[in-house]
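Notes follow once the structure below has been shown.
The values are calculated or read from the model by the stated rules, or taken from the named source; none is laboratory data. Small disclaimer: the values here were computed from a predicted structure and weren't measured. Don't worry about glycine lacking a Cβ; one is built from the backbone with ideal geometry, like all the others, and counts go over all protein chains shown.
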Amino acid sequence: MTSPRVLVFDSGIGGLSIAGCIHRALPSVRLVYLADSAGFPYGGQSEAVVVDRSRTLIRQALEDFPCDVVVVACNTASTVVLPALRSMTNIPVIGVVPAIKPAAGVSLNRRIGILATPATVARPYLAGLIDDFASDCLVERIGLPDLVCWIEGQVCGETLPSEALSEGLQPFRDTGVDTVVLGCTHYPLVAPLLKELLPEVKFWVDSGDAIARRVIWLLEQGGYEPDDQAAPERQMPFEQVLFTGRLPAGLEKYLEELGLPAGQLLGNWPAEGRIRSAGSA
């Protein structure tokens, strides 16, 4: 049976954290990554724009690269686009939800921090999750407007301003949270730095492993039988990496550092796209 293919969609590189979890759980699965970098960041876009861009781009990607599962690996997009995507395709679509429920399950002092984008922090959807799963907890929400851009800059070799980040995290220290939810898929990419800046936090929670488990379940429902021991790990986990804007200068190196090298990198996709095979100049 041909290995299934999974499309991972985000506005930038944050979804790479989700893709990494899927690859570790299902090393034989073929991955296609689609970053709407021309529309980045989605937090600054209206809901109508996010829905329209997501629908258009994902439809085109599925025409070019038929997939078995679509993962919307963006918290901001997931809060608004899932119904529209599910109405246009029979392919299973998974969204990312801030991991409030598991955070409430592990917190010892009932003080939880949520680190997200300003758009996610402000959405009623997040407030509903807190009411449903953490109503007995003190929940401190921080929406750092620059953090996703700082993380995107790391691909090109820019240094993340750790002092400014530390200052932005101060409310977590003041509140004494013992658990932090990483409510943006970009943030697991800098988890070591976050843990260094907040050593008093005992538990760090994100959605990556839960998404990977959901992908496994959906593929099994479609007849795929994963065998992690029998299936060899793919040397090129990404068949394609698609950016709607220009490819970041250090993208190929960054993917290799994450253990997610790509067969092909495509910038300015889909219109006037150019293909650059990994390893070429």
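Odds and ends about this structure:
- Residue selected from segment 12-35 under the condition in contact with a Ser or Thr (Cβ under 7 Å, 6 or more places away or on another chain) and in a loop (DSSP other than H, G, I, E, B), by the criterion surrounded by the fewest Cβ atoms within 10 Å (Cβ to Cβ): S28
- Single unsatisfied condition, C21 versus (1) modelled with pLDDT under 95; (2) touching a helix residue (DSSP H, G or I) at 6+ places or on another chain (Cβ under 6 Å): (1)
- Filtered by the rule that a residue be within 17 Å of the chain's Cα centre (by Cα), among the β-branched types (V, I, T) and closer than 14 Å to V205 by Cα, segment 99-154 gives I100, I114.
- Apart from one condition, G259 fits all of (1) at pLDDT 95 or above; (2) not in a helix (DSSP H, G or I); the exception is (1).
- In the condition set (1) at pLDDT 95 or above; (2) crowded, with 17+ Cβ neighbours inside 10 Å; (3) of a type outside the set (S, T, N, Q), P66 is compliant with all but (2).
- Residues that are among the polar types (S, T, N, Q) and either in contact with a helix residue (DSSP H, G or I) (Cβ under 7 Å, 6 or more places away or on another chain) or touching a residue at least 40 places away in the same chain (Cβ under 8 Å) (or both) within segment 88-114 comprise T89, S107, N109, listed in sequence order.
- Some residue of segment 85-96 being of a type outside the set (F, W, Y) and touching a Gly at 6+ places or on another chain (Cβ under 6 Å): no
- Filtered residues of segment 3-52 (kept if free of Cβ contacts under 8 Å to residues at least 40 places away in the same chain and under 17 Å from T185 (Cβ atoms)): Q45, V50
- Within segment 75-87, residues that are outside the structural domain of A119 (by TED's automatic domain parsing) sit with their Cβ atoms under 7 Å from residues that are of a type in the set (F, W, Y) and crowded, with 21+ Cβ neighbours inside 10 Å, at 6+ positions apart or across chains, in these pairs: T76/Y42; A77/Y42.
- Taking the criterion of being surrounded by 14 or more Cβ atoms within 10 Å (Cβ to Cβ) and farther than 21 Å from K101 by Cβ, the residues of segment 164-185 that qualify are L165, S166, G168, L169, R173.
- Residue within segment 122-129 that is at negative phi, modelled with pLDDT under 95 and either surrounded by 17 or more Cβ atoms within 10 Å (Cβ to Cβ) or basic (K, R) (or both) present: yes
- Set side by side, the residues R173, R214, R246 differ, and just one is among the basic types (K, R) and assigned to a loop (DSSP other than H, G, I, E, B), which is R246.
- Exactly one residue among P92, P188, P161 is surrounded by fewer than 22 Cβ atoms within 10 Å (Cβ to Cβ) and assigned by TED's automatic domain parsing to the domain that holds E63, and that residue is P92.
- Output for segment 46-95, where each listed residue is of a type outside the set (D, E, K, R), closer than 23 Å to L266 by Cα and outside any helix (DSSP H, G or I): F65, P66, C67, V69, V70, V71, V72, A73, C74
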